[in-house]
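Asks: Dropping the structure in here first, questions after.
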Amino acid sequence: MKTFLQRLLRLVAVLTFTLATAGAGAADSAVVGTWLLQSWVSTDAETGAVVNVFGEHPTGYLIYTAGGHMAVVLTADGREKLSGDRYNTPVEERARAFSSSVAYSGTYEITPEGIMHHVKASSFQNWVGTDQFRYADVAGDTMTVKTPPLKGPPDGKTKVTTLVFKRLD
């Protein structure tokens, strides 16, 4: 499970967005707001097989502020409640809870190629202090997030990952 989680988090770390706007100011206004996760799929580059990364109905939010801060939290469909509190629950349950969610926050900047996240806090401690590059395609109230073809979990095959968000505000 540890290897799967590490691969999943590495894959999420390199999620990329394609900006559909021309200038940095336009990109800022295009991404600023609160975005609700609609779907998260991974497509096998060789076979075209599509897998829902966190189930058919994952939950999540991506938030960009006009002041340059960002936060994202993504959780799997059908997560079970823990049998106890977060400290006394059996380690296997806590591992399942950890592997079915991704969260990080920090600051961001618009670059000519996309968006750079400067991670200040993360559920995956290895990301803290790193820069995570993203591309975004914003069309109306929809933002589509894609990776280039990358090797990813759980099988190490080359995949393209796509997240779709709907603007809430």
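Asks: Please compute the length gained on full extension between residue 130 and residue 142, using 0.36 nm multiplied by the number of residues separating them and subtracting their Cα-Cα distance. If you can, show how the numbers build up before the last one.
Replies: Details: separation 12, 0.36 × 12 = 4.32 nm, distance 2.70 nm.
Length gained between residue 130 and residue 142: 1.6 nm.
Asks: Please list 93, 56 in order of solvent-accessible area, largest first, computed with a 1.4 Å probe with all protein chains present.
Replies: 56, 93
Asks: In nm, give the distance between the simple-model label positions of residue 45 and residue 69, each being 7 Å from the Cα along the Cα-to-Cβ direction.
Replies: 3.7 nm
Asks: Another one. Tally up the carbon and sulfur contribution to the accessible surface of the stretch 15-169 as a whole percent, 1.4 Å probe, everything protein left in place. Write down the numbers at each step before the final one.
Replies: Details: 4350 of 8070 Å².
Roughly 54 percent, rounded to a whole number.
Asks: Related question: Over the stretch 20-169, average the accessible area per residue using a 1.4 Å probe and give it in Å², no decimals. Present the calculation step by step, with values, prior to reporting the outcome.
Replies: Numbers: 7930 Å² over 150 residues.
Heavy-atom accessible area per residue stands at 53 Å².
The values are calculated or read from the model by the stated rules, or taken from the named source; none is laboratory data. Just so we're clear, the structure is a prediction, and the values are computed from it rather than from any experiment. Because the Cβ atoms are built from the backbone with ideal geometry, glycine has one as well, and the counts that use them run over all protein chains shown. Note: accessible area is taken over every heavy atom of the protein model, side chains too, but ligands, DNA and RNA are not part of it. Shrake-Rupley method; radii C 1.70, N 1.55, O 1.52, S 1.80 Å.
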